[in-house]
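Peer 1: My structure is below; once you've seen it, I'll send some questions.
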Amino acid sequence: MRQSIKTGTDRVTIAQVAREAGVSKTSVSRYLGGEFDALSVRLRDQIGKTIARLGYQPSQMARGLKGGRTRLIGMLVADILNPYSVAVLHGAEAACQKHGYTLMLCNTGNDEAREKQSLAALHSYSVEGLLFNTQGRNVTPLRELGQAAFPVVLLDRHVEGCDFDLVGLDNVKAAQLGTRHLLAQGYTDIALVVQPLYGVSSRQGRQAGFLQAMSELPDCHGETLEVDLEQPGHVATVLREFFLRRAAAGSQGRVAILAGNGMVSLQIALALQSMKLRFPDDLGLLCFDELAWSPLVGSGISTIEQPTYEIGFTAIERLLVRIQGERSVRMELLLDGRLIHRGSSASVAEHPERARVAGISEKIHTTNTLQYATA
């Protein structure tokens, strides 16, 4: 008895099945293609039993290429380390399974060269469509796909000059929601902390929503702080400079931070720990992205939860519509975020000294003095 499962170069072929069954390769191909009317009952039974005995597994890639369909969908993400990417992936995978497709994932690491290489690799597998969470700066490959009328759906980030559907969070509305919450809680000096804005529409949308909400209360102060997560200590330095800058301006306000995404949130938490600052006693904190550890830190971190599963699922279903030939006008499907209120953004109304600029400044100076004395 032959092995029922073959791998590598030992994989069972159509020719072997035909030889063992005593039929032609054409008959086996017809059986595999579902052309049962062209085969007698005896031949169908004979081929079926031989396939089962040998453990023959047809190459889905070869069958797809022959029929013009691979049932493969490519997904490029800018950073697989970002919890957002992983969460969206779960929804995309579920939609692919529902519709009989296989998802092929490539991580570009926010690198233009890797993005180009990944596109070439997916093209070599003849994917039928593409989900694209681009780094946003190199638009040439996407424009070429658009010119070729290749089905693409963008995740989260819009690309200027590319006429593709987009599925993601309503970033402007979500940032307004978070900013208005902090203002309603009594915070007056608020910093939006984000990674570099250039070329990334989702970050730009969050900044726009933040500034719009801040403009509703002219007596309050809002700043956008851009941080480099690859540079050790940069987040702590930028935050410290913001706190001291507000103190030097003579502000008597209440300080809060709005973190631009989950990865920024983690670095902010570490930076505050290094400065011996706690929330909500020393400052308020609200973060984009609901992470597993958000409820566990201190009194819990308030978050804006993105509907990541729904974003991934909706993006695949929209892509399948395009794959099936729809050529309607470009669509943007923007989903709402949900505010989860925890202790980090507690009200300052009944706490006269909570989150004061002066208190933060004094604590920073004390911490620096102690560190210098023990160095």
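The values are calculated or read from the model by the stated rules, or taken from the named source; none is laboratory data. This one's a predicted model, so the numbers in the text were calculated from it and none came from an experiment. Ideal geometry is used to build each Cβ from the backbone, glycine not excepted, and the neighbour counts take in all protein chains shown. Please note that ligands, DNA and RNA were not included when accessible areas were found on the heavy atoms of the full protein model with its side chains. Shrake-Rupley method; radii C 1.70, N 1.55, O 1.52, S 1.80 Å.
Peer 1: Which one of ARG327, ARG254, ARG354 has the biggest mean-square fluctuation once the chain is modelled by GNM with Cα springs under 10 Å?
Peer 2: Comparing ARG327, ARG254, ARG354 in a Gaussian network model of the chain, the most mobile one is ARG327.
Peer 1: For segment 224-281, taking Cα atoms only, what is the radius of gyration to one decimal and the Dmax to the nearest whole Å?
Peer 2: So, for segment 224-281, Rg and Dmax equal 11.5, 33 Å respectively.
Peer 1: With θ set to phi - 60°, apply the Karplus curve 6.51 cos²θ - 1.76 cosθ + 1.60 along segment 101-108 and write out the HN-Hα couplings as whole Hz, x wherever there is a Gly or Pro.
Peer 2: Residue by residue, segment 101-108 yields 10, 10, 9, 10, 9, 10, 9, 8 Hz.
Peer 1: Let me ask something else. Remind me, what semi-axes does segment 172-239 give for its equivalent ellipsoid, largest first in whole Å, using sqrt of 5 times each Cα gyration tensor eigenvalue?
Peer 2: Largest first, segment 172-239 gives 22, 15, 9 Å.
Peer 1: Please work out how much length the chain gains when fully extended from ARG338 to LYS173, using 0.36 nm per residue of separation minus the C-alpha to C-alpha distance, in nm with one decimal.
Peer 2: Using 0.36 nm per residue and subtracting the Cα-Cα distance, I get 58.3 nm.
Peer 1: Here's a follow-up. Specify the residue with the greatest mean-square fluctuation among GLY55, GLY298, GLY312, computed from a Gaussian network of the chain linking alpha-carbon atoms under 10 Å apart.
Peer 2: The residue with the greatest mean-square fluctuation here is GLY55.
Peer 1: Leaving out ligands, DNA and RNA, and with a 1.4 Å probe, what % of the accessible surface on the chain is carbon or sulfur?
Peer 2: Exposed carbon and sulfur together represent 52 percent of the surface.
Peer 1: What nm value, rounded to one decimal, do you get for the distance between THR140 and ALA208 when each label is placed 7 Å out toward the C-beta?
Peer 2: Here the answer is 2.8 nm between the modelled labels.
Peer 1: Describe numerically, in nm with one decimal, the distance between label points set 7 Å from Cα along Cα→Cβ at ARG42 and at THR366.
Peer 2: 9.6 nm
Peer 1: Moving on. Any idea what angle helix 234-248 forms with the longest principal axis of the chain, computed on alpha-carbon atoms, 0 to 90 degrees, nearest 10?
Peer 2: Taking Cα atoms only, the helix is inclined about 30 degrees.
Peer 1: Let's test the formula: R0 of 22 Å, r as the Cβ-Cβ distance of VAL329 and LYS98. What FRET efficiency results, to the nearest 0.05?
Peer 2: Rounded to the nearest 0.05, the efficiency is 0.25.
Peer 1: Two decimals is fine: what is log10 I(q)/I(0) at q = 0.14 Å⁻¹ for segment 239-375, from a Debye sum with one equal scatterer on every Cα and no solvent?
Peer 2: Cα-only, vacuum Debye calculation for segment 239-375: -0.72.
Peer 1: Taking the 0 to 90 degree range and rounding to the nearest ten, how far is the long axis of helix 41-54 tilted relative to the main principal axis of the chain, both from C-alpha atoms?
Peer 2: Orientation of helix 41-54: about 50 degrees from the principal axis.
Peer 1: How big is the gap, in Å, between the Cα center of segment 77-113 and the Cα center of segment 211-228?
Peer 2: Taking the Cα centre of segment 211-228 as reference, the centre of segment 77-113 is 33 Å away.
Peer 1: Here is a further query. Using alpha carbons only, what's the Rg to Rh ratio of segment 94-251 with Rh from Kirkwood?
Peer 2: Over the Cα atoms of segment 94-251, Rg/Rh equals 1.08.
Peer 1: Mind checking the per residue accessible area of the chain for me, 1.4 Å probe, whole number of Å²?
Peer 2: About 49 Å² of surface per residue is accessible.
Peer 1: Mind listing P(r) for segment 201-320? All alpha-carbon pairs, 5 Å bins, whole percents.
Peer 2: Percent of Cα pairs in each bin: 2, 9, 18, 21, 21, 15, 7, 4, 3, 1, 0, 0.
Peer 1: Also, quick follow-up: How long is segment 258-335 along each principal axis, judged by its Cα atoms, biggest number first, in Å?
Peer 2: Extents along the principal axes: 57, 20, 16 Å.
Peer 1: Using Cα-Cα distances under 8 Å and only pairs 6 or more residues apart, what relative contact order does the chain have, in percent?
Peer 2: This gives 17 percent for the chain.
Peer 1: Rounding to the nearest 10 and keeping the result within 0 to 90°, find how far the Cα-based axis of helix 83-99 lies from the longest principal axis of the chain.
Peer 2: Around 30 degrees separate the two axes.
Peer 1: May I ask for the equivalent-ellipsoid semi-axes of the chain, computed as the square root of five times each C-alpha gyration tensor eigenvalue and listed largest first in whole Å?
Peer 2: Taking √(5λ) for each Cα gyration eigenvalue gives 55, 21, 17 Å.
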